[in-house]
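To start, the structure under review is shown below, and the notes come after it.
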Amino acid sequence: MTLRSEQADPAGQDEEPRARERALTRAAGPGAVWAVGGADGVHASAGDQDDVLDAGGLAAVLALWPVIGSLVAQGELALHAPLTSYGPLTSYGPLDPRGTEAADGSTAHHLLTRPGGVPVLTRLAEHLCGGPLAEHAPARIWRPLGMTRTRLTGPALHTTATDLSRFLRHLLSPADHPFPHTWTAESLRIRTGELTPARGLLWRPTPSGVWSHGDGPAVWVCPRRLRWAVLLRASPGGPPPTAFRDTAFAGPWLPGAGPLP
């Protein structure tokens, strides 16, 4: 296992960052694949960052969420418009196991903030894009970000820690391509009012201003601290992901190891 910031400081002159690296390793568990960084790049990591791993639990936030954001930015989708205003959405498969009436009266905003909305949102995105999400997510989002090893095949998504790092860096940047900074800002705030559980747009709030997605493979981002973290492969029987999250977002910055290649 090699930590990126160990490479940046081979002499070990800064003990505090090295102590935090050890804490991150303990929190992730042995054999875990993880990374922590900011808009400037990766600050610490462990495991093979280019190993292609199953990340199916992140498909909604890696594929659907940014594609929806690009559709909103282009004026092709209004979050508060009834889904029925976009015509029948059944051409790409059933909307919901309960039937198409599940979409009646709903809006994209409803589905982005409530559990169980992903299947209908996927049909909506495919309807507006004119083809499968597996084709449009790479074209609209992943290739522009340099995520060359991320693939969506049916319900299965595979990616690398390096690709996830590129994606999360974009969330902290002011860039408006391939999806705008305003979409990220609007998504990473409470959109459910006083209803519980509180939700953003497909993102969940956690303590200290950190937003999360995923329970197995998981990603976190904190705009206030300009920090992100990813736990792509957890240690079997190791600590819960929340232990890694709490460690990743505690304390000062780690020294950067430079931009991603």
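Could you tell me whether Ala218 is touching a Pro at 6+ places or on another chain (Cβ under 9 Å) and open to solvent by 30 Å² or more (accessible area, probe 1.4 Å)?
Criteria not met by Ala218.
With closer than 22 Å to Val72 by Cα and in contact (Cβ under 8 Å) with a residue 40 or more places away in the chain as the only criterion, which of Ser187, Ser165 stands out?
Ser187
Which of the numbered conditions does Arg166 fail, given that it passes all the others? Conditions: (1) open to solvent by less than 50 Å² (accessible area, probe 1.4 Å); (2) assigned to a helix (DSSP H, G or I); (3) over 28 Å from Gly193 (Cβ atoms).
It is condition (1) that Arg166 fails.
Of all residues in the stretch 134-155, count the ones that are at pLDDT 95 or above and not in a loop (DSSP other than H, G, I, E, B).
14
In this structure, is Asp40 open to solvent by 10 Å² or more (accessible area, probe 1.4 Å), at pLDDT 95 or above and over 17 Å from Val118 (Cα atoms)?
So Asp40 fails the test.
Taking the stretch 49-84 as the search range and keeping residues that are crowded, with 19+ Cβ neighbours inside 10 Å and in contact with a Pro (Cβ under 6 Å, 6 or more places away or on another chain), which one is nearest to Leu133 (Cα to Cα)?
Only one residue tops the list, namely Leu58.
Can you tell me how many residues within the stretch 227-248 are open to solvent by 50 Å² or more (accessible area, probe 1.4 Å) and under 15 Å from the mean Cα position of the chain (by Cα)?
Summing the residues that are open to solvent by 50 Å² or more (accessible area, probe 1.4 Å) and under 15 Å from the mean Cα position of the chain (by Cα) in the stretch 227-248 gives 1.
Listed residues Ala198, Ala248, Ala234; which is under 23 Å from Arg20 (Cα atoms) and either modelled with pLDDT of 95 or more or touching a strand residue (DSSP E or B) at 6+ places or on another chain (Cβ under 6 Å) (or both)?
Ala248
Taking the stretch 170-182, which residues are within 19 Å of Val36 (Cα to Cα), out of contact with any strand residue (DSSP E or B) (no Cβ under 7 Å at 6 or more places or on another chain) and buried (at least 20 other Cβ atoms within 10 Å of the Cβ)?
Selection gives His170 alone.
Can you name every residue in the stretch 183-214 that is in a loop (DSSP other than H, G, I, E, B) and exposed (fewer than 12 other Cβ atoms within 10 Å of the Cβ)?
Of everything in the stretch 183-214, those that are in a loop (DSSP other than H, G, I, E, B) and exposed (fewer than 12 other Cβ atoms within 10 Å of the Cβ) turn out to be Gly193, Glu194, Leu195, Thr196, Pro197.
Take the residues in the stretch 11-35 that are open to solvent by 30 Å² or more (accessible area, probe 1.4 Å) and more than 28 Å from Val52 (Cα to Cα); name whichever of them is modelled with the highest pLDDT.
Filtering first and then ranking leaves Ala19.
The values are calculated or read from the model by the stated rules, or taken from the named source; none is laboratory data. From a predicted model like this one, the values you see are computed outputs, not experimental measurements. Backbone-built Cβ (ideal geometry, glycine too); neighbour counts: all protein chains shown. When the accessible area is computed, the model is the full protein with side chains, heavy atoms only, and any ligands, DNA or RNA have been set aside. Shrake-Rupley method; radii C 1.70, N 1.55, O 1.52, S 1.80 Å.
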